[in-house]
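These notes are about the structure you will find just below.
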Amino acid sequence: MIDQLHEETEHLRHTLAHPGHLAERLRNRLRDPDVRLGLSLIGGTAVWALNFSGLHALNSLSCRWGWFGVPAESGGLKTVQIVVTAVSALLMAASIFNCWNLWRSTRQKASADAGEPGQVIQPGLLEQTIAARVPFLAFVTMLLNVLYLIIILISLGPISTLQVCAGWGG
């Protein structure tokens with residue numbers, strides 16, 4: 001029992017002293033198309049949801065407790081909201097680029113997996129449908145993230161034009 005504990009301690013020390021092995025495992029894991037798809041889908045949805053609820057919470061809390069000089073001076077709050085929206089848009093653009101890159105790379109590989117290298121995939125055959133799963137999911141995730149990006153960018157309109165704390169009864 002003591003020997004096993006000593007062996008596990010030495011293994012943990014070696015792992016912590018040489019993090020390159022863990023970093024290499026993480027890089028290999030992030031190259032997996034399914035992991036990249038999951039990160040883009042969950043990450044894109046999380047960025048949109050956090051942007052949406054964060055902007056509303058920021059506005060409400062600023063009006064309630066007078067953060068950023070609100071309601072007398074609304075420039076500070078609007079600047080923070082624009083920065084939050086810009087960061088969200090950049091993260092969403094990175095997720096879209098990841099999906100686009102994955103779609104382009106796996107589409108070519110899928111045609112080779114379906115037995116017709118260099119040819120465009122013609123869905124309908126079972127082999128081609130299975131081979132086209134990752135490119136299809138990457139394309140759909142890319143479209144969903146483009147929709148999220150459009151919604152995030154549209155939210156800049158009310159931020160820049162509406163009056164802060166108008167009608168606030170708090």
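Just a few scattered comments:
- Residues that are β-branched (Val, Ile, Thr) and open to solvent by 70 Å² or more (accessible area, probe 1.4 Å), drawn from the stretch 30-49: ILE42
- Residue match in the stretch 131-147 (condition: assigned to a helix (DSSP H, G or I), modelled with pLDDT under 70 and of a type in the set (A, V, I, L, M)): yes
- So LEU61, is it open to solvent by 40 Å² or more (accessible area, probe 1.4 Å) and under 19 Å from the mean Cα position of the chain (by Cα): no
- Pairing each residue of the stretch 36-59 that is farther than 14 Å from MET92 by Cα with any residue that is in a helix (DSSP H, G or I) and of a type in the set (Val, Ile, Thr), provided the two are 6+ apart or on different chains, yields C-beta distances under 7 Å for GLY54/VAL84; LEU55/VAL84; LEU58/VAL80.
The values are calculated or read from the model by the stated rules, or taken from the named source; none is laboratory data. Keep in mind that what you see is a predicted model, and the values were worked out from it rather than measured. Backbone-built Cβ (ideal geometry, glycine too); neighbour counts: all protein chains shown. Side chains included, ligands, DNA and RNA excluded: accessible areas come from the protein's heavy atoms. Shrake-Rupley method; radii C 1.70, N 1.55, O 1.52, S 1.80 Å.
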